[in-house]
Amino acid sequence: MSTSTLTTIDETGIGQLQKRALMVAVAGAVIGAIGVVLHPGDLMPSWLIGFMFTLGLSLGCFALLMVQHMTGGHWGLVTRRIFEAGSSLLPLCALLFIPVAVFTPKLYLWARPEAVAADAILQHKALYLNWEFFLLRAVVYFVVWIFCAMLLNKWSAQQDRGEAAMTEADSRRFRVVSAPGLLVYVILVSLAAVDWMMSLDPHWYSTIYGLILVVGQALSALAFSVAVLALLLTREPMNAVLTTRHFHALGKLMLAFVMLWAYFSFSQFLIIWSGNLPEEIPYYLERLRGGWQYVSLGLVAGHFVLPFCLLLSQDLKKRPKLLARVAWFIVAIRLYDLIWLIAPTFHHDGGFPISLAN
């Protein structure tokens, strides 16, 4: 297939889709503003959930883009532009982090001097959990992520414009960045998970927490890309490229990530529950009482049992519209998972975790 065909874009209906998206965004902003007035205390926890969800989609795209450069394969060729577009939104995610940095004391116990003064554990962790170092680490995270993503996207755009040859020697530079980039990505996301989510409860810790977030980000980005591909199935140039084989391969990869997420999550639960240590077990106890047990049950059913059973079907994975519905459900359940991870810290009384402020 010629390069001109691959770079031809069918823009029919794009303007209408953008208008609809803008209307939804405006409506969401208005409802959110009303929620802030009615429930001002829910603003920052809800903002943190939204920030982590948006960041997860962009970072997941960034990670899968590097995986594609390292492994190749037809699944990566058809999704590469989606991954590049998603990773290019990382600067926007950096802007969304600014309220988290400004209102850190409203979110994190360790950022309140009076709490640190009365807690020996917080004093012991103050060398790492302090606002200045917290902000410095966040700057490092975003600089590394944005720099690598922009570099890969820049080289890809040069190939599209014919400014760089699509030879093996020219393509090697993508792998030179992606190979160490994947390792750095896992390390930095693990540290960010500790900083932005796990430290909400500074008395609790888990060594596998970062990996759970890494897999969740990859799953959400992959599911989102499948849903977008289904929308592009009838548009140029994808209508001449996409086949059921691509969706079948992407469906199998989604199934693999669903099982990997379940394995990591259950491993964490099993180890902590069987250990029954006073500094670890409260994390799950507060998610298994006060109404949160039903949320936890929904997470098990929605994040593993249902998608696992559906994605086992070979026929479903070869039907783009059905697979897209499963993909959209997984994107939604990823948001549900983030609510389960974050909201109980601010709703110990079992209150409903979502309000208009979201």
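The values are calculated or read from the model by the stated rules, or taken from the named source; none is laboratory data. Not measured: the values here are computed from a predicted model. Reconstructed Cβ throughout: ideal geometry from the backbone, glycine too, with neighbour counts over all protein chains shown. Note: accessible area is taken over every heavy atom of the protein model, side chains too, but ligands, DNA and RNA are not part of it. Shrake-Rupley method; radii C 1.70, N 1.55, O 1.52, S 1.80 Å.
Can you tell me the alpha carbon radius of gyration of the chain divided by the globular rule-of-thumb value 2.2 N^0.38 Å?
Working: Rg = 21.3 Å, N = 358, 2.2 N^0.38 = 20.6 Å.
Dividing the Cα Rg of the chain by 2.2 N^0.38 Å gives 1.04.
Given charges of +1 on the Cβ of Lys and Arg and -1 on the Cβ of Asp and Glu, with all other atoms neutral, how large is the dipole of region 34-163 about its Cα centre, in debye to the nearest 20?
Numbers: 8 positive and 7 negative charges, 36 e Å.
About 180 debye.
At 7 Å along Cα-to-Cβ for each site, give me the label-to-label distance between Y294 and S171 in nm.
5.3 nm
Take every Cα pair under 8 Å in region 171-315 that's 6+ residues apart, average their separations, divide by the length, and report that relative contact order as a whole percent. It would help to have the intermediate numbers written out before the result.
Working: 77 pairs, mean separation 34.5, N = 145.
That works out to 24 percent.
Could you point to the residue in L316, F269, G298 farthest towards the positive end of the chain's charge dipole, with +1 and -1 charges on the Cβ of Lys/Arg and Asp/Glu respectively?
The Cα lying farthest towards the positive end belongs to L316.
First compute the accessible area of the chain with a 1.4 Å probe, then give the percent of it belonging to carbon and sulfur atoms. The partial results should precede the final answer.
Working: 12580 of 17750 Å².
That fraction is 71 percent.
May I ask you to list the lysines whose Cα is less than 25 Å away from that of K321, ignoring any residue fewer than eight positions away on the same chain?
K19, K252
Only Lys, Arg, Asp and Glu count, each charged at its Cβ (+1, +1, -1, -1), so figure out the dipole size of region 185-295 about its Cα centre, rounded to 20 debye.
Details: 5 positive and 6 negative charges, 104 e Å.
I would put it at about 500 debye.
³J(HN,Hα) across region 195-200 via Karplus (A = 6.51, B = -1.76, C = 1.60, θ = phi - 60°), whole Hz, x for Gly/Pro?
My calculation for region 195-200 gives 5, 9, 10, 5, 6, 4 Hz in order.
Can you tell me the accessible area per residue over region 114-247, all protein chains present, probe 1.4 angstrom, in square angstrom? It would help to have the intermediate numbers written out before the result.
Details: 6310 Å² over 134 residues.
I get 47 Å² per residue for this part.
Magnitude of the Cβ-charge dipole of the chain, K/R +1 and D/E -1, about the Cα centre, nearest 20 debye?
Numbers: 24 positive and 20 negative charges, 206 e Å.
The calculated dipole for the chain is roughly 1000 debye.
Please work out the FRET efficiency for the pair L17 and A240, using the Cβ-Cβ distance as r and a Förster radius of 30 Å; give the result to the nearest 0.05.
Details: r = 21 Å, r/R0 = 0.70.
So, using R0 = 30 Å, E works out to roughly 0.90.
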